[in-house]
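Below you'll find the structure, written out as C-alpha cells, and then a few comments.
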Amino acid sequence: MSLSITKLSVGPMDNNAYLLRCTSTGAALLVDAANEPSRLLPLIGPEGISSVVTTHRHPDHWQALAEVVSATGAESLAHPADAPGIPVVTGTLVDGEDLRLGDLTLSVIHLVGHTPGSIALYYGQEGGHLFTGDALFPGGPGRTTNPTDFNSLMDDLEEKVFGRLPDETVIHPGHGKDSTLGTERPSIPEWRARGW
C-alpha cells in the first residue's frame, strides 16, 4: 500500500489522530493533533511530518497542536472559516484543493454544519480512505446545534461524499471505529428523518 495509516486514540475524549505516510518517499502528515503530545511525537518519530491538518476548530481536536508544530516545524493547516478558532494556523485549505503528500494526493472536502469550516481529507487510491473529523461517523453525521446546520451537513455529505465516492471507501472518523460508505449509505433516509 502506498499510503501508511497509523491511528492513535488520545485524550479524555478518545480523539483519533492519524499519521499518514507516503511509503515511497517517507513524507508524512498528521490529521488532528488532538491531545497527548507525549504520545503523538514518538508516533511521528525522527522522520518528522510536513504538516498537521486540523479537521475543525473544536478544542478537543487541537490540544497538542502548538507543541507538535513547535517540535516538528510542520505547517498547521485548516479551513479559513475555522482557522480563527485554532491556536496555530500557518496555511489554509479549501474545498476541492489537492494536498500533496510525497507521491500521493489527498483531496480536501469542505463539509459545513458541525462547524463552518469542517474539512475531510480523501485519498482515492487503494479502495479509498476518508478522514472525516467529526462530520461523519458510523451511524450518522456529526453533532449539529440547529436544523439549519443539520441540513447543511447532510446536504454536503450527500452531495460531496455519498454522491461522489465509492461504497468501499473507508471512513476514518475523529472518534471511535472506522466504517465504510457502503455500510452507512442505506441509513441516510433514517438520519434525515430523525434530524441528527
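It is to be established whether one or more residues within the stretch 108-122 are in a helix (DSSP H, G or I), more than 18 Å from Lys7 (Cα to Cα) and not aromatic (Phe, Trp, Tyr). No, the conditions are met nowhere in the stretch 108-122.
Only one of (1) surrounded by 20 or more Cβ atoms within 10 Å (Cβ to Cβ); (2) in contact (Cβ under 8 Å) with a residue 60 or more places away in the chain; (3) aliphatic (A, V, I, L, M) fails for Met13. Which number is that? That leaves (1) as the condition not met.
Looking at Gly113, Gly45, Gly96, Gly85, can you tell me which residue is without any contact (Cβ under 8 Å) to a residue 12 or more places away in the chain and either in contact with a Lys or Arg (Cβ under 8 Å, 6 or more places away or on another chain) or at positive phi (or both)? Step through it out loud before you land on a result.
Values: Gly113 fails: without any contact (Cβ under 8 Å) to a residue 12 or more places away in the chain; Gly96 fails: without any contact (Cβ under 8 Å) to a residue 12 or more places away in the chain; Gly85 fails: without any contact (Cβ under 8 Å) to a residue 12 or more places away in the chain.
Testing whether each residue is without any contact (Cβ under 8 Å) to a residue 12 or more places away in the chain and either in contact with a Lys or Arg (Cβ under 8 Å, 6 or more places away or on another chain) or at positive phi (or both) leaves just Gly45.
One residue alone among Trp196, Trp191 is more than 17 Å from the chain's Cα centre (by Cα) and crowded, with 16+ Cβ neighbours inside 10 Å, and that residue is Trp191. Annotation: of all residues in the stretch 45-67 being out of contact with any Leu (no Cβ under 6 Å at 6 or more places or on another chain), buried (at least 24 other Cβ atoms within 10 Å of the Cβ) and of a type in the set (A, V, I, L, M, F, W, C), the one that is nearest to His110 (Cα to Cα) is Trp62.
Counting only residues that are out of contact with any helix residue (DSSP H, G or I) (no Cβ under 9 Å at 6 or more places or on another chain), free of Cβ contacts under 8 Å to residues at least 24 places away in the same chain and surrounded by 11 or more Cβ atoms within 10 Å (Cβ to Cβ), the stretch 163-188 holds 3 of them.
Scanning the stretch 98-146 for residues that are within 11 Å of the chain's Cα centre (by Cα), closer than 25 Å to Pro189 by Cβ and of a type outside the set (A, V, I, L, M, F, W, C) gives His110, Ser118, Tyr122, Thr132, Gly133, Asp134.
The numbers here are math on the coordinates, done by the rules we state, and not lab data. None of the values given here were measured: they were computed from a predicted structure. Note that each Cβ is placed from the backbone with ideal geometry, even for glycine, and that neighbours are counted across all protein chains shown.
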